[in-house]
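Have a look at the structure below, then the notes.
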Ligand SMILES: *Cc1c(COP(=O)(O)O)cnc(C)c1O
């Protein structure tokens, strides 16, 4: 099942789009099954589950953190994480920087933007990030490497609404890139698209999709 699902997805997406297999709530043996057929990027959204799974599995998995992260749990994420998709405040970024420094590493991060209609979704607005950049606050965070943006569309069947929101995230990325990160080659990632909407996301410029239920089954 898992093998067929992954192969199916990989067949239908461009080679330059990265598939993160979202393994939240699923047991480690399912992660191993996916790993054994060549999947190396996995995503988790809860700090303690992330800590436990990354301790249990010693394969050279690239671990992505994709959920809302509280500052007091950053310490569980930083040692093993490959990329944090869900940075939604400057205070969180400072905490990640502090832990990264303790761990003697540089942590790759994406800035999560609020693009959905539901106000419950976490994230920055473009103005927030422009302010932080203009205050030169990012440059002080020596153990942070910002490599792009992330967003979640509204949970709806309205495909045009979803497309509009992904277009918005792409335009936020383009603005940041052209105004502030033009010479930063590794600022190039747009993490958008899940099981229900990754095809639209890719049409709108996604470079990383985060797919859970279409690989591992419903939760
Ligand atoms: C759960 C989750 C996903 C994957 O959702 P599916 O619909 O199961 O593919 C992607 N991104 C985030 C942030 C999630 O929490």
Notebook entry, point to check: Taking the condition within 20 Å of residue 43 (Cα to Cα) and at pLDDT 95 or above, does residue 172 pass?
Noted result: no
Next item on the list: Name the residue, out of 159, 188, that is under 16 Å from residue 18 (Cβ atoms), in contact with a helix residue (DSSP H, G or I) (Cβ under 9 Å, 6 or more places away or on another chain) and surrounded by fewer than 18 Cβ atoms within 10 Å (Cβ to Cβ).
Entry: 188
Next item on the list: Assess whether residue 126 counts as being touching a helix residue (DSSP H, G or I) at 6+ places or on another chain (Cβ under 6 Å), within 30 Å of residue 163 (Cβ to Cβ) and touching a residue at least 12 places away in the same chain (Cβ under 8 Å).
Entry: yes
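Do we have residue 44 as more than 16 Å from the ligand (Cβ to nearest atom), closer than 15 Å to residue 212 by Cα and at pLDDT 95 or above here?
no
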Note to self: Among the residues of region 200-214, what is the count of those that are touching a strand residue (DSSP E or B) at 6+ places or on another chain (Cβ under 9 Å) and more than 8 Å from the ligand (Cβ to nearest atom)?
What the structure shows: 8
Next item on the list: Determine the pairs where a residue that is without any contact (Cβ under 8 Å) to a residue 24 or more places away in the chain and on the phi < 0 side of the Ramachandran plot, located within region 187-208, has a partner that is within 10 Å of the ligand (Cβ to nearest atom) and not in a loop (DSSP other than H, G, I, E, B) with Cβ atoms under 7 Å apart, the partner being 6 or more residues away or on another chain.
Entry: 195/211; 195/213; 195/214
Margin query: within 23 Å of residue 64 (Cα to Cα), out of contact with any helix residue (DSSP H, G or I) (no Cβ under 7 Å at 6 or more places or on another chain) and more than 16 Å from the ligand (Cβ to nearest atom): is that true of residue 147 in this structure?
Written below: yes
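The values are calculated or read from the model by the stated rules, or taken from the named source; none is laboratory data. The model shown is predicted, which means the values in this text are computed figures rather than measured ones. Using ideal geometry, Cβ is built from the backbone for each residue, glycine included, and neighbour counts are taken over all protein chains shown.
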